[in-house]
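Q: This structure is in structure tokens; I'll ask about it shortly.
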Amino acid sequence: MSTPVAMKPAAEPATAKSTARPAARLTGFMPLIALVVLVAALTVADPDFLTQRSLTAASRTAAPLIVLAAGATLVVLCGGIDLSIAALASLSTVLLALWLPDLGGLATPVVILAAATIGAVQGVAHVLLRIPSFIVTLGGMSVLSAVALVVSGAGTVRVVDDTPVAWLDLYLGGYVPMSAAMALLVVALIALVLKVTPLQSWVSATGYSESAARLAGTPVDLVKIGAFCVSGACAGFAAVMLVSRQFSGGPTMADNLLLPAVAAIVVGGTAITGGHGSVWRSLAGALVVTLLRVGLPIVGVPSAYEQILYGAIIVVAVALTLDGSKVSIIK
Amino acid sequence: GCTEQAGGEDTAAGSSSCESKDVRLVGQVRNESNPYEASWLAGGDAFAQSVGLKQERLTYDGDSTKQQEQISQILAGNTKCLVMNVLPNGDADTPPIVKGADQAGAYLVTQWNKPADLKPADHKTWLSHITYNGIESGQQIGDALSEAIGGNGGIIALQGVLDTAAAKDRFAGLEASLKKNTGVKLLDQQTANFSRAEALTVTKTLLTKHGDNVKGIWAANDDMALGALEALQQAGKAGKVAVVGIDAVPDAVSAVQGGTMTATVSSDGTWQGGIGLAIGYCVATGKLKVEDIAADNRAFFAKQFLITKSNAAEFAAPKTNPSDFECANVFNRVAGPLT
Amino acid sequence: MSVPALEVRGLVKHYPGVKALDGVDLVVRQHEVLGLAGENGAGKSTLLKALVGLVTPDAGEIYVRGEPVRLRSVVEAAGHGIGMVFQEQSLVPNLTAAENIVLGSEGAAVRRGLYRWDTMRRLAQEQLDKIGSHIDPLARTDSLSFADRQMVEIAKVLRIEQRSQHPPVVILDEPTSVLESKEIETLFAQIRRLREFASVIFVSHRLDEVLDVCDRVAVLRGGQSVGEVTTEGAVPRELHRMMIGSTGSDDHYHENAAVAVSSEQPRLSVRGLSGATFKDIDLDVAAGEIVGIVGVHGSGREDVCRALFGAEPTTAGEVRMDGKRIDLTSTRAACAAGIGYVPAERKTEGMVGPMSVADNMTLTKQKARCTGPFVAPGKQAGLVDRWIERLSIRTPGRDTAIGRLSGGNQQKVVLARWLVGGDIRLLLLDHPTRGLDIGARSEVYRLMRELAATGVATVLLADSLEEAIGMADRILVMTDGRVATEVACPNGGKPSPLDLVKEMV
Amino acid sequence: MTNEVVAAPRRSSRRGASFRDAGPPVALVVIFAVFAALSPQFRSVENVQNIVDAAAVLAVVTCGITFVLMMGSIDLSAAGVMGASALTVSLLVANNRNDNDFGLLGILVAVLLGCAFGCLSGLALVLLKVPSFMATLGVSAVGLGVATLMFAGVQPNITDAMLESWAVERFLGFSYLTWIAVACIVVGWLIQRYTRLGRYAFAIGGAEEVLTLSGVKVKPYKVAVFTLAGAFYGLGGVMVTSQLGAGLVQAGDGYDFSAITAAVVGGTLLTGGRGGILHSAVGVVLVMVLTNGLVQVGVSPYWQGGVEGLIVVAAVAAAVIPQRRRNQVVK
Ligand SMILES: Nc1ncnc2c1ncn2[C@@H]1O[C@H](COP(=O)(O)OP(=O)(O)OP(=O)(O)O)[C@@H](O)[C@H]1O
Ligand SMILES: Nc1ncnc2c1ncn2[C@@H]1O[C@H](COP(=O)(O)OP(=O)(O)OP(=O)(O)O)[C@@H](O)[C@H]1O
Ligand SMILES: [Mg+2]
Ligand SMILES: [Mg+2]
């Protein structure tokens, strides 16, 4: 026979409402805080830095990077990485410059479409061939660079009549660069679409746990291809911005934006392992990175120290913005 | 409504002349980590010091976008009495810089790269564009190479970064030289991106591919020529193959002097770093009027010299002296207008 | 009476929104096997993790052989002779078995950072010999069978003897939930042998097992100790009553809720399905019918299940749903056809740990939470709360990350995922009750009956033969990738487990 | 790039293990055969020597990166670390900038400097919890900055006879540098197989959380692995200096991505837990054969990068075909 020794009343089932603790709420704002701190530091280093003109210039400067990073953020959220964005943007500048004379205003959407298609092709290769996105897009990077080199005849392509893209180089109300406004629009659009549709949970599920997502019937492959497609389209749009600013297209024009774009994503606090993060974070990250790239030399940091500072600050920024509670193992 | 230009108080003066102490000197090159560009910045510093100012050094790591970003940030600051001596990363990078400087009223001198149809003479504050004649230098060293191999035999060419005007002009020069020296045969051409390390591997590969047929190596700059020299040494062919380059970096000049290299062409980084600032400074302080600058001097080829063993000693030490930068002398080294 | 091997007094542990431990007392005597029972989320794992230094309690004391100790890490716990086999298997898959066994306590096998493979092999062999396992110590762990890996875990935990002079305390958290009956027998033999020189804490939701192998059972409820039972002569019902605080239903498998099956047109009809690990599978499941598939590891039944969900490629065969032929090229296609699948590996395949309960529940049936193409947060909240209530899922709220719930509650969320749409026609359940407490299980069974009543066809890979017999209307026995035989299993005419075991080998 | 526990263990078999390892060597043989058939120069003894010699530096760098990849982390610091070590060694051995002549000691210091940088990456990872992708990118920038400081405008040319001879002198037909690379591979292999460091690096990639549960403190091992990798990069920088006869800030340009490509082509997984030094060695040779072969058969310089990218993707795709599964996770 059983012999109960002690009996205690059953505890009330725990039904406490989950409220975000202040600390948890703070981590969400970390990218913004990092941005403000950086601006403050640069202003201290050079009081001339914090002028309206200078901030206008910085936001115009940041626009292509914001767009590139926003697109690639989707791929990162899905757990992959897109190393081809910069090369694709370079190729797109060439294509745009080549097509502008014939297509005029139509060239812009056509180039974005072409870039989106190229992105999607890489996505398909990644999904169908089962090769890590790192490798597919690394390969894509060299192939796209080669194509850009060949179509451009290994030189820059001047845009003689840049009226179809000149609107991007205007200033709204005299203060807000149109390109920055468009970059903001792209970010807001992506964020909105994610938020109001099931895409957010599909993307997160794919990024956090691909196999679980697949076994829950999530269209994992389509979501990934879609992410690469959007990433490509964003690269195309960034290219349009570059052309409007440079009046030309070049086969290596945007190549150096790759690492800054990835840095922007990570500095924003998006987990490079996927799942956790947002395009808003990348927006803040892109601004931080731009200020570092441009601000440091402008306030008079010598070249060698600039690199050292850039490396150190970016590591510290990531340490601040990454929400450790969301990512268990950091690789 | 939309405007073409950012708002805010206008700090640009453009026309009225500045006090010497108010002039802001900016020198911008790719990086500080190669001898040529380091000497450029040093030349800028020396000039700034000579007029009691300091040069703001900017480097953009060969990153076009970063260069534009820096320029627009500089132009968003105080542009009254701003003088910029800029090395655009590529041809395509010049127009936006010129446009920005024009709008801000900053004095600008550009060097090396610009699209052919863009002319300083059409602008008010773009004072001058200085470059060396790449076709000529490519041809000069090509001829020197032919002579060194006795006008007969195979050579290989190491190209620079393929989408730069310098690389293309220099190679065009080589092609012109080859047309003249019919006995010389171009066995192969590869790009080594102006890089010493890449030149090393590419040369090694080409040496195995063409073996003893290679009598000479034409390199679009001295860094690659020096890489090729290392490759020859490692292949046990040091001294058996003639090598030529362009730029006259100190190591190359001493190699020419020592006989391991056949020829190089001078491009004087120290002078380039100073001269751009000097022209801008002279105009900003009113000592030189834009209208007074001869049309031919608004875009010109600077004098360059073929350096061979016979004259290498002259070039071993820097040839710039302070008088070059006096307002009356700033156009002393004009070899001719840009064609 | 000698000092207890281990004693816990007033242990408290809070998690955000949950009191996982609320003043737990526990005594483990020397050379006894102590069972630990309690519902899902009662705090068993948390308590055990506190005993090996993985969880730092907020209050309370732990005594080892009468001495108060503070345990801050696994290594410290091992120093006191306490070691644990975790609820989820925890071996490094790409190392050899030998390395896993000595991991963290290499001793003589590693000198100055250098491996001595011979010594390591010898040490590992000693451990394996102790528990009578015959696996090759230098085999890569991921090449071993599930049961062998469990043996490696036990061999590994016994290494704590080397770290402490005292008789060890070995903690086993639900070791049987992934084992087959034969393997369980081997394990129990080992546990009984362990008692000779060690104390053992054993956790299982199968109360008959607990009563079988343990000397004494302590019961936890809501993070508190509610009593203990000496197992001699005890029956599961009694234990169950203590766990939930009231008498559970008599009819565990809800057999009287079973529905009569019409067999005119089968809902699922499979003909000649072949794949890498199975061949020529014929299978019919009628609407409202529950078909169990039983078989040992490697019988291919799990792969059949995955293939029916489009998660495993097939080489031949034809699948029809309600007479219509369907192409199972992807999980998406299967979902579209009204098929649902609950995988056995909950942690990696069943759920998305960092996402909320609500998002996990609506991951598949997005339509259920959307108006048009857009998510309607209000609609989702209402829907999710309804299902949380209906399945009595214990969670601080619908926005809590699912990874924070106890295993049983996680499983309920995963099941709910297929139900929220209301359009499910066929459910493939791979060990749906693995790790669930008896109450939760009973609820899952009731749910299955309810679904069957609404015409849902079910394929069940049961956790135990008893479960298969209790739930299924018909049982297929698989061996070596083929259907060996089919056993009718109607209410009132149930076969005995022995009947099935005969066919399985 | 991910902490996903891939592949439910019950799905792997020993037979699979040997089969999947065969991909890269087979690809190597195939590609070699194709080039050999196309070009008589390619199959000459000198060219084979040339390929092997050219592979030396990449092999050493890849040795380092392999350990990091085995852990599931990534390392992009090679470029910066190599630059710093190249400048250090060229300023410490006999050179034209100063009167130092420390010989072997100078080389040792350069390698130790590499260790220090690697250690820095590791510390940023485990202490600041910055993902290795970003931590190493930051350290690379710091390394380049330090190198630029040491460069100070004048190219240091080495005159040290020993260091120069490494690139020139030959033993059994191969340059000393090649033999150094071979030694590195052997040492790396021994570390991987017979030391706790190597085996734990492997285990961390397999299941990091399990090591923690077993009471292993993984953090020191992670730092140690990055430090070890840094040592290899440091040596790589020294080797480049020996080849070029001068200390270049750009000594490590491009080695980061080439080394990752080589390791992955050789069969090391970016997710960690699989692969090893010998795999990577095969990968390095494969990549070098490709680069060399494309020049030998006369592919246009414009297209070389693109063709190489395509073949790499194809090779990886071919290598993963045997392991393809429907529900496999690829990131
Ligand atoms: N890391 C954690 N963070 C937050 N809550 C947690 C955590 N771990 C456990 N809990 C909560 O503590 C309670 C006790 O969980 P525990 O895992 O100890 O239950 P259990 O008795 O082992 O259940 P099961 O039988 O399902 O394994 C649960 O309500 C669970 O949600
Ligand atoms: N006798 C031994 N001597 C040295 N090392 C051994 C010995 N036996 C096993 N090992 C180690 O155990 C590991 C597993 O051995 P096995 O050969 O089965 O693995 P594997 O599949 O070849 O793994 P990998 O190819 O990734 O190294 C090996 O990597 C090796 O390091
Ligand atoms: Mg538990
Ligand atoms: Mg092996």
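The values are calculated or read from the model by the stated rules, or taken from the named source; none is laboratory data. Everything numeric in this text was worked out from a predicted model, so none of it was measured. Cβ atoms come from the backbone with ideal geometry, glycine included; neighbour counts cover every protein chain shown. With ligands, DNA and RNA removed, areas are computed over all heavy atoms of the protein, side chains included. Shrake-Rupley method; radii C 1.70, N 1.55, O 1.52, S 1.80 Å.
Q: Just to be sure I understand: if you take the accessible area of chain D alone plus chain A alone and subtract the pair, with a 1.4 Å probe, what total do you get in Å², rounded to 100? If you can, show how the numbers build up before the last one.
A: Details: alone 15940 and 16760 Å², together 27950 Å².
That pair hides around 4800 Å² of surface in total.
Q: Mind checking which lysines have their Cα closer than 17 Å to the Cα of D:Lys219? Skip sequence neighbours fewer than 8 apart in that chain.
A: Qualifying lysines at Cα under 17 Å: A:Lys331, D:Lys129.
Q: Ok, one more. Counting only protein heavy atoms and a 1.4 Å probe, tell me what percentage of chain B's accessible area is made up of carbon and sulfur. If you can, show how the numbers build up before the last one.
A: Numbers: 5860 of 11870 Å².
Heavy-atom surface of chain B belonging to carbon and sulfur, 1.4 Å probe: 49 percent.
Q: Looking only at region B:227-271, which residues have a backbone nitrogen under 17 Å from a spot 7 Å from the Cα of B:Ala316 in the C-beta direction?
A: Of the residues in region B:227-271, B:248-264 have backbone N under 17 Å from the label point off B:Ala316.
Q: Taking the Cα centre of chain C as the origin, how large is its charge dipole in debye, to the nearest 20, when only Lys and Arg (+1) and Asp and Glu (-1) carry charge on their Cβ atoms?
A: Working: 60 positive and 66 negative charges, 287 e Å.
That gives chain C a dipole magnitude of about 1380 debye.
Q: Take the Cα of D:Glu46, step 7 Å along the line toward its Cβ, and report every residue of region B:196-215 whose backbone nitrogen sits under 14 Å from that point.
A: Counting backbone N atoms under 14 Å from the label point, the list is B:203-215.
Q: Mind checking which lysines have their Cα closer than 21 Å to the Cα of C:Lys19? Skip sequence neighbours fewer than 8 apart in that chain.
A: Leaving aside lysines fewer than 8 places away in the same chain, those within reach of C:Lys19 are A:Lys8, A:Lys17, C:Lys44, C:Lys49, C:Lys412.
Q: Just how many % of Cα pairs in the protein assembly as shown lie over 51 Å apart, if you round to the nearest whole percent? Each step should come with its number before you reach the end.
A: Working: 428322 of 1133265 pairs.
I get 38 percent for the Cα pairs in the protein assembly as shown exceeding 51 Å.
Q: If I model a spin label as a point 7 Å beyond the Cα along the Cα-Cβ vector, how far apart are those points for C:Asp423 and C:Glu232 in nm?
A: With each label point 7 Å from Cα toward Cβ, the separation is 6.1 nm.
Q: Would you list which aspartates and glutamates come within 17 Å of A:Lys224, measuring only between C-alpha atoms, while excluding same-chain residues fewer than 8 positions from it?
A: A:Asp82, A:Glu210, D:Glu4
Q: Which value in nm describes the separation of the simple spin-label points at C:Arg320 and D:Arg97, placed 7 Å from the Cα toward the beta carbon?
A: 8.2
Q: Using the charge dipole of chain B (Lys, Arg: +1 at Cβ; Asp, Glu: -1 at Cβ; taken about the Cα centre), state which of B:Leu229, B:Val26, B:Gln55 has its Cα farthest towards the positive end.
A: So the residue we want is B:Leu229.
Q: Quick one: which bits of region D:261-302 get at least 20 Å² less accessible when the partner protein chains are in, versus the chain alone, with a 1.4 Å probe?
A: Residues losing area: D:Thr261, D:Val264, D:Leu270, D:Val295, D:Gln296, D:Pro301, D:Tyr302.
Q: Then there's this: On average, how much accessible surface per residue is there in region C:179-325, in Å², for a 1.4 Å probe, leaving out ligands, DNA and RNA?
A: Averaged over the residues of region C:179-325, the accessible area is 40 Å².
Q: Go ahead and run the numbers for FRET between C:Ala257 and C:Glu196, Cβ-Cβ distance against an R0 of 41 Å, rounding to 0.05.
A: On the way: r = 46 Å, r/R0 = 1.13.
Once the sixth-power term is evaluated, E becomes 0.30.
Q: For helix B:134-148, what angle does its Cα long axis make with the longest principal axis of chain B, in degrees from 0 to 90 and rounded to 10?
A: In chain B, helix B:134-148 runs at an angle near 20 degrees to the longest axis.
Q: Separate question: When the accessible area of region D:147-225 is computed with all protein chains present and a 1.4 Å probe, what percentage of it is carbon and sulfur?
A: Values: 2190 of 3160 Å².
Heavy-atom surface of region D:147-225 belonging to carbon and sulfur, 1.4 Å probe: 69 percent.
Q: Nearest 0.05, what FRET efficiency do C:Ala381 and A:Val196 give at R0 = 22 Å with Cβ-Cβ as r?
A: 0.90
Q: To the nearest 0.05, how large is the calculated FRET efficiency for A:Ile329 and C:Gln162 if R₀ is 22 Å and r is the Cβ-Cβ distance? Mind showing how you got there, number by number?
A: On the way: r = 29 Å, r/R0 = 1.31.
That gives a FRET efficiency of 0.15.
Q: Residue separation times 0.36 nm, minus the C-alpha to C-alpha distance between B:His123 and B:Thr339: what's the value?
A: Numbers: separation 216, 0.36 × 216 = 77.76 nm, distance 1.82 nm.
Stretched out fully, the B:His123 to B:Thr339 stretch lengthens by 75.9 nm.
Q: With every protein chain kept in place and ligands, DNA and RNA left out, what is the accessible area per residue of region D:47-319? Probe 1.4 Å, answer in Å². Spell out each step's value before the answer.
A: Numbers: 7700 Å² over 273 residues.
In whole numbers, region D:47-319 has 28 Å² accessible per residue.
Q: Work out the length of the dipole vector of chain B about its Cα centre, built from +1 on the beta-carbon of each Lys and Arg and -1 on the beta-carbon of each Asp and Glu, and round it to the nearest 20 debye. Show your work: numbers first, answer last.
A: Numbers: 29 positive and 38 negative charges, 151 e Å.
Computed charge dipole of chain B: roughly 720 debye.
Q: Explain nothing, just compute: Karplus ³J(HN,Hα) = 6.51 cos²θ - 1.76 cosθ + 1.60, θ = phi - 60°, for every residue of region A:67-80 in order, whole Hz, x for Gly and Pro.
A: 5, 4, 5, 4, x, 5, 4, 4, 4, 5, 4, 6, x, x
Q: Rolling a 1.4 Å sphere over the protein heavy atoms, what is the accessible area per residue of region C:406-505, to the nearest Å²? All intermediate terms of the calculation are to be shown ahead of the outcome.
A: Details: 3080 Å² over 100 residues.
Using a 1.4 Å probe on heavy atoms only, each residue of region C:406-505 averages 31 Å².
Q: In nm, give the distance between the simple-model label positions of D:Glu209 and D:Trp179, each being 7 Å from the Cα along the Cα-to-Cβ direction.
A: 5.0
Q: Then there's this: For chain C, find the longest principal axis of its Cα atoms and tell me its angle to the long axis of helix C:146-157, 0 to 90°, nearest 10.
A: 20
Q: Sticking with this one: Express the relative contact order of chain D as a whole percentage, based on alpha carbon pairs under 8 Å and six or more residues apart in sequence.
A: On the way: 592 pairs, mean separation 111.7, N = 331.
34 percent.
Q: A further question follows. Residues of region A:116-136 losing 40 Å² or more of accessible surface, assembly versus chain alone, probe 1.4 Å, please list them.
A: A:Leu129, A:Arg130, A:Ile131, A:Pro132, A:Phe134, A:Ile135
Q: Using amide H atoms built 1.01 Å from N in the peptide plane, name the residues 5+ places from B:Thr191, or on other chains, whose amide H lies under 5 Å from its own.
A: Residues meeting the criterion, in which the H sits 1.01 Å from N, are B:Gln159.
Q: Can you classify region A:76-216 as rounded, prolate or oblate using the Cα gyration tensor, where a ≥ b ≥ c are the square roots of its eigenvalues, rounded means a/c under 1.5, and otherwise it's prolate if a/b beats b/c and oblate if not? Walk me through the intermediate numbers first.
A: Working: a/c = 2.81, a/b = 1.37, b/c = 2.05.
Since a/c reaches 1.5 but b/c is at least a/b, the shape of region A:76-216 is classed as oblate.
Q: Which semi-axis lengths, in whole Å and largest first, follow from the square roots of five times the eigenvalues of the Cα gyration tensor of region C:275-326? Don't skip to the answer; put the middle values down first.
A: Numbers: eigenvalues 69, 47, 15 Å².
Computed over region C:275-326, the values are 19, 15, 9 Å.
Q: While we're looking at this one, here's another question. May I ask for the net charge around D:Trp179, where only other residues with Cβ less than 14 Å from the Cβ of D:Trp179 are counted and Lys, Arg are +1 while Asp, Glu are -1?
A: Details: positive: D:Arg170; negative: D:Asp53, D:Glu169.
Net charge in that neighbourhood comes out at -1.
Q: Shifting gears a bit: What are the residues whose amide H is under 5 Å from the amide H of C:Tyr115, where those residues sit 5 or more places off or on another chain and H is modelled from the backbone?
A: Close amide H contacts, sequence-distant or interchain: D:Thr195, D:Arg196.
Q: What's the total accessible area buried between chains B and A, using a 1.4 Å probe, rounded to the nearest 100 Å²?
A: Details: alone 14720 and 16760 Å², together 28080 Å².
Buried: approximately 3400 Å² between A and B.
Q: With a 1.4 Å probe and every protein chain kept in, tell me what percent of the accessible surface of region C:6-244 is carbon plus sulfur.
A: Percent of accessible area from carbon and sulfur atoms in region C:6-244: 48.
Q: Give me, ordered by chain and number, the residues 5 or more places off A:Lys331 or on other chains with an amide H under 5 Å from its own placed amide H.
A: Amide H to amide H, under 5 Å and 5 or more residues apart or across chains, A:Lys331 pairs with D:Ser132.
Q: How big is the A/C interface in buried accessible area, both sides summed, 1.4 Å probe, to the nearest 100 Å²? Walk me through the numbers on the way to the answer.
A: Values: alone 16760 and 21560 Å², together 35120 Å².
For A against C, buried area totals roughly 3200 Å².
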